[in-house]
Amino acid sequence: MFYHLCHQTLYTYPQAVKLSPHLLRLCPRSNGWQKLLDFQLFIEPKPTRITPIYDLDGNHLHQIWFDDEIETLNIKTDFKIETLIENPFIFQLESWALKLPFDYTTSWCQQLQPYLNSYYPHFDPVAIELAQEICHEVQQNPLNFLFSLNQKIYQNCQYLTREEGDPLPPRVTWQKKQGSCRDFSILFIEVCRAMGLGARFVSGYQEGDPDQVELDLHGWVEVYLPGAGWRGYDPTYGLAVSDRHIALVASAIPQYTVPISGTVTTAGTKSNMVSKITVLRS
C-alpha cells in the first residue's frame, strides 16, 4: 500500500516563552515492513539547530533547539511511504517456542528484559488472571493466545476518545471494559508480559476508513515471537498488523513514543495544542 500523509501540530502560547530542547518522534520507520520513500520536516519558527538521533529502541528522532523566545510553534511532516507486508502470518516459530511459557536462553532473557518487565512496580493481578485464563483456553498455543487476547479486548471493550493523560492501569480498562487505543495496548502488553512474552508499545497511524481524509495518531502493540521477530497486534480493531498500519516509533516504555516532547522554561505557562493528520490523495 502507498500512503501520502501530512501531520501538522501547532502550539500557541499566551506570551513569548523560552523552550527547552524538544524531541520529535515523527519520522516513520523504514525497514522490511515499510519503506519510507520521502520525508520532509517543516518547523516554524526555524530552530537554531536540528539534530537527528537514533534512540535506544532504534527509532529515528529529531532534537530541536531554540535560542530566542517564541509565541507559536508549528511542526509539520509530509511523507510518502509504502507498506510491504500484506500477510502478517508468513513465519515459522522456533521449535522451542510452540508452547507457553517460552523457555528462553540466558542471552534471550537479557536482550528481552525491558520488554518482559511489568510497566508498573508489580504485575496487575487482573493481567495475571487474564493471561492464565487465556493460556488455559488455548492449551498454551502462543499464536492462539495472542489472537484470543486481541479479540477479547476488541469484542468486550468500548473505544473512548481520550487525547490526553497517561494510559489507564490494566485493571481499570478491563473492569470498566472501555478505554482509548493506548489503554487497550497497555492492557495487551501487561497480559503478554505476565505470560512471559516480550511486548512493546507502538505509535503511528492506522488507515481506518479509506474514504476519510483526516486520521488520528494511533497506538498498538508489538510482540516478540522467536523465529518471527516483532509482530504487531491492534486490540482497538482486533487485527494483526499488516500493510494498513504505519509505524512511527516503538518502545518498552510508552512515554518514549510521544510524538513531541519538551517543556516550556517559563514557569506557569501552558500551551494550546492543535494537531491535524491528513491523508493526501493523488
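List of remarks:
- Taking the criterion of being closer than 30 Å to Ser261 by Cα and touching a Gly at 6+ places or on another chain (Cβ under 6 Å), the only residue of region 132-153 that qualifies is Asn150.
- Residue check for Ala250: of a type in the set (A, V, I, L, M, F, W, C), open to solvent by 10 Å² or more (accessible area, probe 1.4 Å) and within 24 Å of Phe145 (Cβ to Cβ): no
- The set of residues in region 86-113 that are touching a strand residue (DSSP E or B) at 6+ places or on another chain (Cβ under 8 Å) and either in a loop (DSSP other than H, G, I, E, B) or open to solvent by 60 Å² or more (accessible area, probe 1.4 Å) (or both) comprises Pro88, Phe89, Phe91, Leu93.
- Residues of region 89-137 that are among the aliphatic types (A, V, I, L, M) and closer than 28 Å to Pro169 by Cβ: Leu100, Leu112, Leu116, Val126, Ala127, Ile128, Leu130, Ala131, Ile134.
- Listed conditions (1) within 23 Å of the chain's Cα centre (by Cα); (2) in contact (Cβ under 8 Å) with a residue 12 or more places away in the chain are all met by Gly58, apart from (2).
- Pair list, Cβ < 6 Å and 6+ apart or interchain, from region 123-137 residues that are under 17 Å from Leu98 (Cα atoms) to residues that are of a type in the set (Gly, Ala, Ser) and buried (at least 18 other Cβ atoms within 10 Å of the Cβ): Ala131/Ala194
- Of the strands (runs of 3 or more DSSP E) that lie entirely inside region 146-258, those containing 2 or more residues that are more than 26 Å from Phe102 (Cβ to Cβ) and touching a strand residue (DSSP E or B) at 6+ places or on another chain (Cβ under 9 Å) span 199-206, 245-251.
- Answer residue from region 39-76, given it is aromatic (Phe, Trp, Tyr) and surrounded by 13 or more Cβ atoms within 10 Å (Cβ to Cβ) and is farthest from Leu248 (Cα to Cα) among those: Phe66
- Some residue of region 173-193 being more than 21 Å from Phe123 (Cβ to Cβ), of a type in the set (Val, Ile, Thr) and either in contact with a Phe, Trp or Tyr (Cβ under 7 Å, 6 or more places away or on another chain) or open to solvent by 10 Å² or more (accessible area, probe 1.4 Å) (or both): no
Conditions (1) within 27 Å of Ala194 (Cα to Cα); (2) over 10 Å from the mean Cα position of the chain (by Cα); (3) at pLDDT 95 or above, marked per residue:
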site: Pro226; (1), (2), (3): yes, yes, yes
site: Tyr233; (1), (2), (3): yes, yes, yes
site: Gly238; (1), (2), (3): yes, yes, yes
site: His245; (1), (2), (3): yes, yes, yes
site: Leu248; (1), (2), (3): yes, no, yes
site: Thr263; (1), (2), (3): no, yes, no
site: Thr266; (1), (2), (3): no, yes, no
site: Ser271; (1), (2), (3): no, yes, no
site: Val274; (1), (2), (3): no, yes, no
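- Counted as qualifying within region 2-48 are the strands (runs of 3 or more DSSP E) with 2 or more residues that are more than 25 Å from Trp65 (Cβ to Cβ) and touching a residue at least 60 places away in the same chain (Cβ under 8 Å), namely 2-17.
- Residue selected from region 21-38 under the condition open to solvent by 50 Å² or more (accessible area, probe 1.4 Å) and of a type outside the set (Phe, Trp, Tyr), by the criterion farthest from Ile260 (Cα to Cα): Gly32
- Residue in region 154-166 that is open to solvent by less than 40 Å² (accessible area, probe 1.4 Å) and under 20 Å from Met195 (Cα atoms) present: no
- Yes/no for Thr83 being under 30 Å from Tyr13 (Cα atoms), among the hydroxyl-bearing types (Ser, Thr, Tyr) and in contact with a strand residue (DSSP E or B) (Cβ under 6 Å, 6 or more places away or on another chain): no
- Members of region 195-240 found to be aromatic (Phe, Trp, Tyr) and open to solvent by less than 20 Å² (accessible area, probe 1.4 Å), listed by number: Phe201, Tyr205, Trp220, Tyr233
The values are calculated or read from the model by the stated rules, or taken from the named source; none is laboratory data. These numbers come from a predicted model, not from an experiment. Cβ: placed from backbone, ideal geometry, glycine included. Neighbour counts: every protein chain shown. What goes into the accessible areas is simple: the full protein's heavy atoms, side chains included, and nothing from ligands, DNA or RNA. Shrake-Rupley method; radii C 1.70, N 1.55, O 1.52, S 1.80 Å.
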